[in-house]
Amino acid sequence: MAVIIETVKKGSPAFKAGIRSGYTLLKINDNEIMDVLDYRFYQLSEKLLLEFVTDKGKIKKKWVKKSEDSELGLSFETYLMDKKHSCLNKCVFCFIDQLPKDMRESLYFKDDDSRLSFLFGNYITLTNITEHEVERIIKMHISPINISVHTTNPELRVKMMKNKNAGKVLSIINRFNDAGIKLNCQLVLVPEMNDGKELEKTLTDLTALENVECIACVPVGLTKHRSGLPELHGFDKENAKETIDIIDSFGDQTLEKYGNRRVYASDEFYILADRKLPDAKYYGEFLQLENGVGLCALLKAETDEAISICDYKLENKRKITLVTGVDAKPLITEIVDKMTKKWDNLECNVVAVRNDYFGESITVAGLITATDIENQLKGIDLGEQLLIPAVMLRSERDMFLDSVTVEELSKKLGVEIVVTEVDGYQMVDKILGEEI
């Protein structure tokens, strides 16, 4: 598949070689360029033979010399250089299938793209990966690859993902492991389906592979918008405890076998079980933060340090409000209490927003909408600022899941809204109103 060059950076090696926008890139050093991974991998050499089609339709070849760490200078219509690969599964627990019907269109797209796994840390199921892509990952030694496994029982995986190939492709995990590709695995656990004995089998299989660096176990999320979907039940306090015990036992085994803990329960499991969360040391290098593994421990450690070393003087009385999800309220309240003891002219109210939009069983901060914030905070004295965590917004940090912008919510509530990243040091600064 040839790719059209959209722009060529002036002064770049490609520009100096006479490559121009509108040309079609065919090969680099006789390797066909299919997408961004091919381009990024094969452009690393210092001496490149580019094969391309000019805007006049002529096929040409040109040598380009550059330093090994410099970019060739080409950009394309899309970042991936072709379309994102969409998911072919119909997982019984799929969160996107549980969204209400009135959200923005982009939220309904299910990606399952190996390139996004490498570039952005997205998780893939392997059900639509081609043999070409498997061989390319091994050849390029692309690592780590993030895989949504859920179960290593082939028949159960087919049942859970409603894809006849879901069981067969599990063999790819072994191929990647044998090739030295590092793997991060995710297990979405559903009570009475892939927990209990099935979870033990899955963890036995995965922890036997030396290049599986980390396994995150997260509880299924069930919204109130499940009409026509399979009947599922969430975890309660007792089966959450039992699941943590299984996960911890395998974590202990990997700690003894490999010298590091490789199996973790997400923070949400500990909250469901009403069990104390481990401290930051427990989580090693925090490889699974995107799955909610160790987020609370890291935030607590960072804020504790930031509070202890911060010598900022709060000259005037400051009153603000923080919003979060139900799960995070105890931790955020603990942080705020420490701060108000140190700065006695700081008044900070913590509000846990109930999730009416998706359903009260959804308790994480990242799925809170502007609609629920507005409905539950309207008419309340919020002080001079309202602080919200960045996880409530899309990557541009401007819009909530319900397509309401930060600016729009600010006007409706009549208060300045300040966005804080999931970073303890920044959070302390933003609470104090310190410029950073």
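The values are calculated or read from the model by the stated rules, or taken from the named source; none is laboratory data. All of these numbers come straight from a predicted model, not from anything done at the bench. Glycine also receives a Cβ, built like all others from the backbone with ideal geometry; neighbour counts cover every protein chain displayed. Quick note on the areas: whole protein, heavy atoms, side chains included, nothing else; ligands and nucleic acids left out. Shrake-Rupley method; radii C 1.70, N 1.55, O 1.52, S 1.80 Å.
Values as computed for the structure displayed
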{"read-out": "Residues of segment 46-69 that turn out to be open to solvent by 30 Å² or more (accessible area, probe 1.4 Å), touching a Leu at 6+ places or on another chain (Cβ under 9 Å), basic (K, R) and touching a residue at least 12 places away in the same chain (Cβ under 8 Å), as a count", "value": "3"}
{"read-out": "Criterion: surrounded by fewer than 19 Cβ atoms within 10 Å (Cβ to Cβ) and not in a loop (DSSP other than H, G, I, E, B) - qualifying residue of K201, K224", "value": "K201"}
{"read-out": "Of all residues making up segment 77-105, the number that are out of contact with any helix residue (DSSP H, G or I) (no Cβ under 8 Å at 6 or more places or on another chain) and either at pLDDT below 80 or open to solvent by less than 50 Å² (accessible area, probe 1.4 Å) (or both)", "value": "12"}
{"read-out": "Qualifying residue in segment 339-346 (condition: hydroxyl-bearing (S, T, Y), over 26 Å from L189 (Cα atoms) and modelled with pLDDT of 95 or more)", "value": "yes"}
{"read-out": "Checking A166 against (1) modelled with pLDDT under 80; (2) in a loop (DSSP other than H, G, I, E, B); (3) among the aliphatic types (A, V, I, L, M), the condition it does not meet", "value": "(1)"}
{"read-out": "Residue within segment 261-276 that is aliphatic (A, V, I, L, M), open to solvent by less than 50 Å² (accessible area, probe 1.4 Å), free of Cβ contacts under 8 Å to residues at least 60 places away in the same chain and out of contact with any Lys or Arg (no Cβ under 8 Å at 6 or more places or on another chain) present", "value": "yes"}
{"read-out": "Residue check for D30: modelled with pLDDT of 90 or more and surrounded by fewer than 19 Cβ atoms within 10 Å (Cβ to Cβ)", "value": "yes"}
{"read-out": "Those residues of segment 174-197 which are within 24 Å of T243 (Cα to Cα), open to solvent by less than 50 Å² (accessible area, probe 1.4 Å) and in a helix (DSSP H, G or I), in sequence order", "value": "G196"}
{"read-out": "K319 vs. criteria open to solvent by 30 Å² or more (accessible area, probe 1.4 Å), in a helix (DSSP H, G or I) and not β-branched (V, I, T)", "value": "no"}
{"read-out": "Matching residues in segment 142-173 - criterion: being among the small types (G, A, S) and either without any contact (Cβ under 8 Å) to a residue 60 or more places away in the chain or surrounded by fewer than 20 Cβ atoms within 10 Å (Cβ to Cβ) (or both)", "value": "S143, S148, G167, S171"}
{"read-out": "Segment 120-141, residues that are under 15 Å from the mean Cα position of the chain (by Cα), at negative phi and assigned to a loop (DSSP other than H, G, I, E, B)", "value": "N122, Y123, T125"}
{"read-out": "Given (1) under 28 Å from L222 (Cβ atoms); (2) at pLDDT 95 or above; (3) open to solvent by 30 Å² or more (accessible area, probe 1.4 Å), index of the condition I388 fails", "value": "(3)"}
